[in-house]
Amino acid sequence: MHPRIAELLGYIDEQAAMLHAIFEAVPAERRGVRPAPDRWSPAEIVHHVAIVERRLVQRLASLIDQARAIPRENETSPLLSTLRTSKVVDRTKRLVTSEAAEPRNTNVSSVWDNFEQTRRELKDVIMKDEGLALGAESASHPALGEFNGYEWIAFAGAHAARHADQIREMGFASQGP
């Protein structure tokens with residue numbers, strides 16, 4: 001496995017584990033409860049993360065298709081510390097999601113399984129052609145600007161971390177990680 005892909009997959013796995021731990025720390029009967037009428041429940045938050053990652057699968061597939069036309073990645077140096085994940089994790093500024101990423105009809109009992117399925121699809125897309133120069137291809141995020149392919153992968157982890165913090169801030173968790 002290319003070292004940069006291994007590094008980024010490790011990061012997104014760590015952040016998914018953190019999201020899972022905080023979600024599991026919320027009592028089952030509270031996971032579908034909104035803290036306020038205009039705020040999502042913990043289950044809706046996980047549903048939103050899955051929706052965004054499903055869309056990210058498509059975005060990365062497109063960037064990977066573009067990267068096939070250029071020379072393969074020859075750089076192996078660590079990458080994560082150079083990527084702009086702090087912009088995603090920072091919760092001091094509320095970001096408003098698109099209508100397409102709004103959770104609707106969230107099934108509390110299956111939301112985590114749905115997230116895991118989407119995460120497997122994301123990792124499958126990343127691994128399918130790993131070793132491509134994903135830093136050379138980019139696409140725009142509507143609120144955060146242009147991200148290259150590596151930054152989009154890191155975005156998946158940072159987005160999960162952002163929303164783990166959101167669930168933690170709700171105070172529903174019986175004991176947080």
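None of the figures in this text is laboratory data; all of them are computed from the coordinates on show. Because the structure is predicted, anything quoted here is derived from the model rather than measured. We place every Cβ from the backbone using ideal geometry, glycine too, and count neighbours over all the protein chains shown.
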Open item on the list: Just to confirm the number: angle between the C-alpha axis of helix 111-128 and the first principal axis of the chain, 0 to 90 degrees, nearest 10?
Closed with: 0 degrees
Open item on the list: To test your reading of the geometry: what angle, between 0 and 90 degrees and rounded to tens, separates the Cα axis of helix 149-170 from the longest principal axis of the chain?
Closed with: 10 degrees
Open item on the list: Give the average over all directions of the projected area of the C-alpha convex hull of segment 1-59, one decimal, in nm².
Closed with: 5.2 nm²
Task: Principal axis box of segment 47-150, alpha-carbon based, largest edge first, Å - done: 44, 31, 22
Task: FRET efficiency, Leu144 to Asn105 (Cβ-Cβ, R0 22 Å, nearest 0.05) - done: 0.20
- [ ] Show that you can apply the helix-only estimate: for the chain, add -39,500 (n - 2.57) for every DSSP H stretch of four or more residues, divide by all residues, and state [θ] at 222 nm to the nearest 500.
- [x] -18000 deg cm²/dmol
Task: Angle in degrees between helix 42-67 and the longest Cα principal axis of the chain, rounded to the nearest 10 - done: 10 degrees
Task: Listed peptides 150-158, 31-39 by packing density, highest first (mean Cβ within 10 Å) - done: 150-158, 31-39
TODO: Output the Kirkwood hydrodynamic radius of the chain, Cα pairs only, in Å rounded to one decimal.
DONE: 16.7 Å
